[in-house]
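The next block holds one structure in the form of structure tokens; read it before the comments.
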Amino acid sequence: IHGIKDMKHLTTMRRDLKSNLPITSLQANPKNTHLILSVGSDGYISLWNINSCECIHSFREERNVINTMDINSSGGIYATAGKDTDIRIYDFNTHECFAICHGKDLSNGLSMSSDEAGHGRRIFAVKFHPENNNVLVSGGWDKYLKVWDIRVGNRAVRTINGPYICGHGIDIIDNCILTASWVASNSLQTYDLMSGEMIDTIPFGTRGEVKTDYLYCAKYVTKHSIVAGGSGTCDVRVVDVDKGELLGNIDNDKRPIQTIDISGNYMAVGGVGPALTVAKIEVLSS
């Protein structure tokens with residue numbers, strides 16, 4: 001744990017486990033920010049209290065590699081997903097799994113159209129709608145976005161073809177989905193949540209460069225600006241959504257960017273290598 005403004009190391013928390021596999025995602029509960037949830041390649045889900053510096057609860061999804069998780073805006077439920085293509089929905093307080101959005105090949109023989117079925121390959125991103133605690137969007141290697149409403153049950157309410165999600169490459173603002181795909185060009189796209197139609201392809205700024213995009217992650221800074229990074233340019237770029245203009249960038253010394261998070265005016269960036277970068281974002285109105 002580090003302080004944002006001075007990057008001072010505050011504490012290190014460890015689980016009493018023999019596993020040395022990586023933590024793939026972690027997030028503070030939006031309503032109780034001293035509680036942090038983490039998931040890992042070993043299938044473990046762990047809850048941490050940063051005030052007491054201890055792991056207060058931990059359990060395992062057997063035979064699964066968890067790549068991603070997200071907590072909804074109320075802080076009451078969270079979703080996990082990964083190798084086995086199931087999306088599991090948990091109560092944050094009890095950690096009881098009360099719903100499963102099954103993958104395409106694990107649908108227990110249910111008869112449904114391909115648009116209603118789940119993912120067929122590994123999932124790398126799940127994201128709850130910021131204003132609707134029951135709706136989430138997922139994406140992964142099968143090049144589909146799936147829109148889920150947990151009140152409906154084991155059935156995707158919408159399928160969007162195209163984005164090749166290989167990291168934390170989904171964000172939502174209003175009813176607009178932002179995607180970051182691991183492809184050479186046309187990697188940043190926006191989609192309408194309600195219709196599933198593509199709204200726009202946002203230039204990442206590599207046109208005219210020898211480098212290509214290959215994005216792992218993207219986030220909205222505001223409705224009119226986004227930040228994204230990956231293994232093509234090996235930097236983080238802030239882009240104007242409306243004008244398609246590059247507003248600024250942070251180089252990562254030729255190493256891939258794997259994750260970005262934003263809190264207020266601060267952005268944290270992590271990737272290959274032992275460095276964590278924290279920057280202050282100032283997007284000036286024209």
Got a number for carbon plus sulfur as a percent of segment 49-104's accessible area, 1.4 Å probe?
44 percent
Which residue, Gly270, Phe204, Val236, has the largest displacement toward the positive end of the dipole of segment 147-285 when charges sit on each Cβ (Lys, Arg +1; Asp, Glu -1)?
Gly270
Assigned charges on the beta-carbon of Lys, Arg, Asp, Glu; segment 160-253 dipole about Cα centre (debye)
100 debye
Inter-label distance, nm, simple model (7 Å from Cα along the C-beta direction), Asp200/Asp149:
2.8 nm
With all protein chains present and a 1.4 Å probe, how do Leu178, Leu17 order by accessible area, largest first?
Leu17, Leu178
FRET efficiency, 1/(1 + (r/R0)^6) with R0 30 Å, evaluated for Val65 and Asn132 via beta carbons
0.60
Per-pair calculated FRET efficiency, R0 = 25 Å: Ser263 and Asn20 via Cβ, rounded to 0.05:
0.30
P(r), alpha carbons of segment 170-252 - 5 Å bins starting at zero, rounded %:
3, 17, 29, 28, 15, 6, 2, 0
Mind telling me which of Thr33, Thr68, Thr11 comes out most flexible in a GNM of the chain, alpha-carbon contacts under 10 Å?
Thr11
Gap in Å between the Cα centre of segment 19-50 and the Cα centre of segment 229-286?
23 Å
Using Cα centres only, tell me the gap between segment 130-175 and segment 63-105 in whole Å.
13 Å
Can you pull the percent of segment 125-184's accessible area that's carbon plus sulfur, 1.4 Å probe, other chains left in place?
46 percent
Quick one: compute the contact order of segment 132-265, relative version, from alpha carbon pairs under 8 angstrom and 6+ residues apart, as a percent.
16 percent
What does the charge dipole of segment 1-109 about its Cα centre add up to, to the nearest 20 debye, if the Cβ of each Lys and Arg holds +1 and the Cβ of each Asp and Glu holds -1?
300 debye
Using Rg and Dmax of the Cα atoms in Å as the read-out, say which of (1) 33.0, 97; (2) 18.4, 55; (3) 22.0, 65 was calculated from these coordinates.
(2)
Largest first and rounded to whole Å, the semi-axes √(5λ) derived from the alpha carbon gyration tensor of segment 61-164 read 19, 15, 14
Counting only heavy atoms of the protein chains, get the accessible area per residue of the chain (1.4 Å probe) and round it to a whole Å² value.
50 Å²
Quick one: putting +1 on the C-beta of Lys and Arg, -1 on the C-beta of Asp and Glu, what dipole do you get for the chain around its Cα centre, in Debye to the nearest 20?
520 debye
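The values are calculated or read from the model by the stated rules, or taken from the named source; none is laboratory data. Here the structure is a predicted model, which means the values were calculated and not measured. Positions of Cβ are backbone-derived with ideal geometry, glycine not excepted, and every protein chain shown enters the neighbour counts. Ligands, DNA and RNA are excluded from the accessible area calculation, which covers all protein heavy atoms including side chains. Shrake-Rupley method; radii C 1.70, N 1.55, O 1.52, S 1.80 Å.
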